[in-house]
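The values are calculated or read from the model by the stated rules, or taken from the named source; none is laboratory data. All values derive from a computational prediction rather than experimental measurement. Neighbour counts run over all protein chains shown; Cβ positions are idealised from the backbone, glycine included.
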Amino acid sequence: MQISNFKLTESAICNLKSEMILSTRRLFIAILFIALFVMATREISDPDFWWHLSSGQYIVETRTVPRVDVFSGTVAGQPWVAHEWLSEVFIYTLFVLGSYPALILAFSVVITLAFALVYARSEGQPYVAAFAVLLAALATAPTWGVRPQVISMLLTCAFLFVLERWRADLGDNKGRPYLWILVPLMLLWVNLHSGFALGLVVIGVYLFGAMVEYFTRPRTSQLPNHPTTQLILVFVACLLVVLLNPNGATMYIYPFQTLTSRAMQTYIQEWFSPDFHLLEFQPFAWLLLATLAAVGLSGKRVSLTQILLLVGSGYAALRSGRNIPIFAVIAAPILAEHLWHMVKTRGWADQLTTNRRLPWGMVIVNWLVLAVVVAAGIARVGMVVANQHAVERAQFPAAAVDFLQAQRVTGTIYDSYGWGGYLIWRLYPTARVFIDGRADVYGDAFIENVYLKVYRGETNWQQSLERYNVRTILVEPDAPLTAQLAHDAAWKEVYADKQAVVFEK
């Protein structure tokens, strides 16, 4: 008994020593994900964040999900598909528990987890996979922040991870119970963000690709049982659980209504095609070109599923910068796969995969390097969190809203589109906004024929303000409307700074 215990203890000590050895590979992986987390940690500057926060507060306090607009003084009672209600509850709950730091850190974790799943799907770990993942992360970085779209990116990565595992397992004639995890994930997704439709599309692409490959195999080979039966059932189940949301069957058509909105496509910047003259879109260009080059030069066969995913997501990303994350999380593993194939065919793989036993001196150095990286990361995250207040006041009319609060302004305030959400958070329910970032609630006609005509100071701009009984206006000093107000005796400037100007009637 004593000898057995001694051997067990000796084995445990050896395992502990093995775990304590921080090899260069392990250090590299640790630095990669620390870097991703630090990159993802950024101040909250998304204009829509504020109405998401207000919506979460409304849902938590009233214990109801709104079906109509409750925040504006212009379209109050207009149908509102609150498709992000669960994300908004999540955002508000985090805010209550830990204010802005909790939100910033939690969404950094969400982004890091998304790219951990991308890394898990990538061949050539750690170095080739890390290159592809880092390039994809840089490509998607402009879309990061405390916003429901980030949660949708994580769920996209989860669907791709499960479906890619399913595709890799084709032909073994075994059941794949892990596929059914997609059903509860879809239930979550449809209540978190309208991007759930992407999950259905991705399942459909994998289904179609597998069926085509199954039926085009040479008939001389022994065919396994049809591989798609279980996935078809999962797809149907995912379609059915879409109904389990506060808006019911409306969610089937809502994503298409958003995609076909003329005003959203014309006036909201993130729906524009990427401008490759801007530095922020250069990583996307590099990722696109690198993926096409790797696929073309590697000599490895590209599956129909991969082609469909690349072409579809690539077209979507070129059409709208908002879709770049979809392409990035699809392209990165494909890029890594073909780069790794080229590495292996050239006989370089052994040099990248060989585990050499490190002397304890190098192990200590690696631990010191990791400690320095962690300390630098903590310092950077701390700076971002501490800077949130300054960013808020720089990006939004905080001082002007302070003035309005002091004056106890009521009624409908005409506001700039990007400031509506902030006004909702700061002034609701005492005052109501003219417009905010919920473009789908206001509709194309209102945005183009009412809001923009007033903002541009076009002919009869006063009529819309009278119609909605507007007595307070908050816009930028250089807005076209400001010049009209300055020459209108009915309006008086009561506050002004470099960021905003307030007029009252």
Notebook entry, point to check: Does Thr266 qualify as being in the same structural domain as Ala210 (by TED's automatic domain parsing), surrounded by 19 or more Cβ atoms within 10 Å (Cβ to Cβ) and part of a helix (DSSP H, G or I)?
Noted result: no
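Residues are listed down the side, and each one gets a yes or a no for (1) without any contact (Cβ under 8 Å) to a residue 40 or more places away in the chain; (2) assigned by TED's automatic domain parsing to the domain that holds Gln407; (3) not in a strand (DSSP E or B):
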{"site": "Trp419", "(1), (2), (3)": "no, yes, yes"}
{"site": "Asp440", "(1), (2), (3)": "no, yes, yes"}
{"site": "Ala445", "(1), (2), (3)": "yes, yes, yes"}
{"site": "Val454", "(1), (2), (3)": "no, yes, yes"}
{"site": "Thr459", "(1), (2), (3)": "yes, yes, yes"}
{"site": "Ala489", "(1), (2), (3)": "yes, yes, yes"}
{"site": "Tyr495", "(1), (2), (3)": "no, yes, no"}
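Table: residues versus (1) closer than 30 Å to Gln125 by Cα; (2) not in a helix (DSSP H, G or I).
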| residue | (1), (2) |
| --- | --- |
| Ile364 | yes, no |
| Val372 | yes, no |
| Gly382 | no, no |
| Val401 | no, no |
| Ile413 | no, yes |
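Considering only residues that are of a type in the set (A, V, I, L, M, F, W, C) and either more than 18 Å from the chain's Cα centre (by Cα) or part of a loop (DSSP other than H, G, I, E, B) (or both), look in the stretch 70-95 and name the one that is farthest from Gln257 (Cα to Cα).
Quick first cut of the stretch 70-95, residues of a type in the set (A, V, I, L, M, F, W, C) only: 70-71, 75-76, 80-82, 85-86, 89-91, 94-95.
Applying the additional criterion that residues be either more than 18 Å from the chain's Cα centre (by Cα) or part of a loop (DSSP other than H, G, I, E, B) (or both) yields 70-71, 75-76, 80-82, 95.
Working: Val70: 21, Phe71: 22, Val75: 18, Ala76: 20, Trp80: 13, Val81: 11, Ala82: 14, Phe95: 31 Å.
Of everything passing the filter in the stretch 70-95, Phe95 is farthest from Gln257 (Cα to Cα).
Please pick out the residue among Ser320, Ser273 that is assigned by TED's automatic domain parsing to the domain that holds Phe159, in contact with a Lys or Arg (Cβ under 7 Å, 6 or more places away or on another chain) and over 20 Å from Tyr119 (Cα atoms).
Values: Ser320 fails: in contact with a Lys or Arg (Cβ under 7 Å, 6 or more places away or on another chain).
After ruling out the rest, the residue left standing is Ser273.
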Notebook entry, point to check: Before we move on, is Val329 assigned to a helix (DSSP H, G or I) and either touching a Pro at 6+ places or on another chain (Cβ under 9 Å) or in contact (Cβ under 8 Å) with a residue 60 or more places away in the chain (or both)?
Noted result: yes
Note to self: Taking the conditions exactly as written (crowded, with 22+ Cβ neighbours inside 10 Å, within 19 Å of Trp189 (Cα to Cα), out of contact with any His (no Cβ under 8 Å at 6 or more places or on another chain) and modelled with pLDDT of 95 or more), does Phe107 satisfy them or not?
What the structure shows: yes
Next item on the list: Kindly indicate the residue of the stretch 461-485 that is part of a helix (DSSP H, G or I) and touching a strand residue (DSSP E or B) at 6+ places or on another chain (Cβ under 7 Å) and also nearest to Thr74 (Cα to Cα) among those meeting that condition.
Entry: Leu465
Margin query: Can you tell me how many residues within the stretch 280-301 are modelled with pLDDT under 95 and loosely packed, with under 11 Cβ neighbours inside 10 Å?
Written below: 3
Next item on the list: Restrict the check to the stretch 164-185 and report whether at least one residue is assigned by TED's automatic domain parsing to the domain that holds Leu278, farther than 23 Å from Leu304 by Cα, out of contact with any Gly (no Cβ under 7 Å at 6 or more places or on another chain) and crowded, with 23+ Cβ neighbours inside 10 Å.
Entry: no
Notebook entry, point to check: Quick check: anything in the stretch 70-83 buried (at least 20 other Cβ atoms within 10 Å of the Cβ), of a type in the set (S, T, N, Q), touching a Phe, Trp or Tyr at 6+ places or on another chain (Cβ under 9 Å) and under 30 Å from Tyr252 (Cβ atoms)?
Noted result: yes
Notebook entry, point to check: Which ones in the stretch 55-78 are out of contact with any Asp or Glu (no Cβ under 8 Å at 6 or more places or on another chain) and without any contact (Cβ under 8 Å) to a residue 40 or more places away in the chain?
Noted result: Gln57, Tyr58, Val60, Glu61, Thr62, Arg63, Thr64, Pro66, Val68, Val70
Notebook entry, point to check: If you take the residues of the stretch 287-326 that are assigned to a helix (DSSP H, G or I) and among the basic types (Lys, Arg), which of them is nearest to the chain's Cα centre (by Cα)?
Noted result: Arg322
Check: Do we find that Ala336 is aliphatic (A, V, I, L, M), free of Cβ contacts under 8 Å to residues at least 24 places away in the same chain and over 22 Å from Tyr100 (Cβ atoms) in this structure?
Finding: no
Check: Looking at Leu278, Leu198, which is the one that is of a type outside the set (Phe, Trp, Tyr) and closer than 27 Å to Arg67 by Cα?
Finding: Leu198
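Looking at this structure, is Ile151 closer than 15 Å to Thr112 by Cα and modelled with pLDDT of 95 or more?
Working: closer than 15 Å to Thr112 by Cα: yes; modelled with pLDDT of 95 or more: yes.
Yes, satisfied.
Checking the condition among the hydrophobic types (A, V, I, L, M, F, W, C), surrounded by fewer than 23 Cβ atoms within 10 Å (Cβ to Cβ) and in a helix (DSSP H, G or I), which residue from Ala137, Ala130 passes?
Values: Ala137 fails: surrounded by fewer than 23 Cβ atoms within 10 Å (Cβ to Cβ).
Selected residue: Ala130, the only one of Ala137, Ala130 that is among the hydrophobic types (A, V, I, L, M, F, W, C), surrounded by fewer than 23 Cβ atoms within 10 Å (Cβ to Cβ) and in a helix (DSSP H, G or I).
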Next item on the list: Starting from the stretch 129-142, keep only residues that are under 15 Å from Leu339 (Cα atoms), then list their pairs with residues that are part of a helix (DSSP H, G or I) and not aliphatic (A, V, I, L, M) whose Cβ atoms are within a distance under 6 Å, requiring at least 6 positions of separation or different chains.
Entry: Ala129/Tyr119; Val133/Phe115; Val133/Tyr119
